[in-house]
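A.B. asks: The structure follows.
Values quoted throughout were computed directly from the atomic coordinates according to the rules given, and no laboratory measurement underlies them. A quick note: this is a predicted structure, and the numbers were derived from the prediction, not measured. Cβ placement follows ideal geometry from the backbone for every residue including glycine, while neighbour counts extend to all protein chains displayed.
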Amino acid sequence: MTHLQRSDIVTLLKSVRLPDGESLSQAAVLSDIRTEGGHVSVIIDADLDARFQSNPGALATVRADAQAILEKDQRIEKCTVVLTGGPMAAAGSSPLAAPEPEEETVIKHIVAVGSGKGGVGKSTVAANLAVALSRLGKNVGLMDADVYGPSVQLLLGLSESPRADGKKIEPLEAFGIKAMTMGLLVDQSTPMIWRGPMVGSAILQLLNDVNWGDLDVLVVDMPPGTGDAQLTLAQRTPLAGAVIVSTPQDLALIDARKAITMFEKVKVPVLGLVENMSVFICPNCGHESHIFAHGGGEEAAKEIGIPFLGHLPLDMDIRVSSDAGSPVAANSESPQAGDFLNLAGRVLDQLEASDPLPPPRLVMA
Ligand code: ADP
């Protein structure tokens, strides 16, 4: 296969026109092009041109045109065209919303799974929670918003490239749920350097440009931490509530408290706290060891006044099945699946309790 050069992409993008007729290849809004083998990423930054800051919809069409042209080229295996900048500043508007919505689908509840820091098992909990909700009969999607370290493709054993019809990306399906992650859209061997606004745009793209269809619950695996990107995401996504994952130690709980404060600040109801890696039960002798202490999460939840959603054990099967791309919650014979089904039941109870209003309608453009 011919090695793609940046200049090849510039040539392809010549035929993409801005609303005033200027070629995208010439326009200042084209802020970055990267090629790696057959993988291409293009960034269109509305902030670079004053014409587009007041007209966010205009660039959404340009983005879709650019994506369609690149996808048609046989040399390109995978391409991502991301829109960033100006539209993010337009309160309440999605930068990727096309000017005229074509189809309306309903996502009843968008639930964020967050943590104050990485490594506490947030993605593991998000993936197993999504599978468990589906086993309880719900229509479920899992959106991996952890763009810094997307792992949903590994947790669900996904390797197929998502298909796109030029406008919408089709989510992949596994273990009864729909799933989408940046891990399948960008080349993992050349990680993109995500600036704050890019994170927000990429995540809104996952929300708005993926053909989720009607869902009862969309579980969102949030980026870890409580920085600007997380705050923006919590503000810009119509979240029904947040589930906070923490280990039982004081240190992790300090971070978990920050995550709770962040969601409260943007008026997203905190559905509760899950204590992960709570107790280690020796697979040989059954002895219980509290490696990361025990019960800290439950105490903290009580003290803060949020629901406690349960303990999840530090368990070899959870780790092994996650690494194997086969979430433990899908295994009806595993006792750990029961823990996740209980968690899913409590999350549904909290959603009902915190949402007496008719389900929010999300217009997918
Ligand atoms: P985060 O999303 O918070 O960074 P991950 O979900 O990626 O964390 O988990 C980090 C590591 O810990 C992974 O290897 C995962 O398999 C493992 N892990 C998470 N929860 C558990 C658990 N309850 N028992 C055993 N291993 C776990």
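A.B. asks: If amide H atoms are built 1.01 Å from N in the plane of the peptide, which residues on other chains or at least 5 residues away come under 5 Å of the amide H of N276?
C.D. replies: The answer is S246, T247, L312.
A.B. asks: Order of 275-283, 318-326 by packing, highest average Cβ count within 10 Å first?
C.D. replies: 275-283, 318-326
A.B. asks: Further, regarding this structure: Over the residues of region 221-364, compute the C-alpha Rg and express it relative to 2.2 N^0.38 Å.
C.D. replies: 1.12
A.B. asks: What are the residues whose amide H is under 5 Å from the amide H of I110, where those residues sit 5 or more places off or on another chain and H is modelled from the backbone?
C.D. replies: Distant-sequence amide H within range of I110: L218, A240, G241.
A.B. asks: Between R17 and T105, how high is the FRET efficiency from 1/(1 + (r/R0)^6) when r is the Cβ-Cβ distance and R₀ = 35 Å? Nearest 0.05.
C.D. replies: Efficiency, rounded to the nearest 0.05: 0.75.
A.B. asks: Here's something else I'd like to know. Sort V266, V81 so the one with the fewest other Cβ atoms within 10 Å of its own Cβ comes first.
C.D. replies: So the residues, fewest neighbours to most, are V266, V81.
A.B. asks: Here is the link list: K78/K167; K108/K178; K108/K258. Which ones come out longer than 18 Å on Cα distance?
C.D. replies: Check vs 18 Å cut-off fails for K108/K258.
A.B. asks: Just want the ordering: H39, H3, H109, from fewest to most Cβ atoms lying within 10 Å of their own Cβ.
C.D. replies: Ordered by Cβ neighbours within 10 Å, fewest first: H3, H39, H109.
A.B. asks: Moving on. Packing-wise, with mean Cβ within 10 Å as the measure, how do 130-139, 335-344, 23-32 rank, highest first?
C.D. replies: The densest-packed peptide leads the list: 130-139, 335-344, 23-32.
A.B. asks: Between region 312-347 and region 123-150, how far is it from one alpha carbon centroid to the other, in angstrom?
C.D. replies: 12 Å
A.B. asks: Which order results if M316, M262 are arranged by neighbouring Cβ count within 10 Å, fewest first?
C.D. replies: Ascending number of Cβ neighbours within 10 Å: M316, M262.
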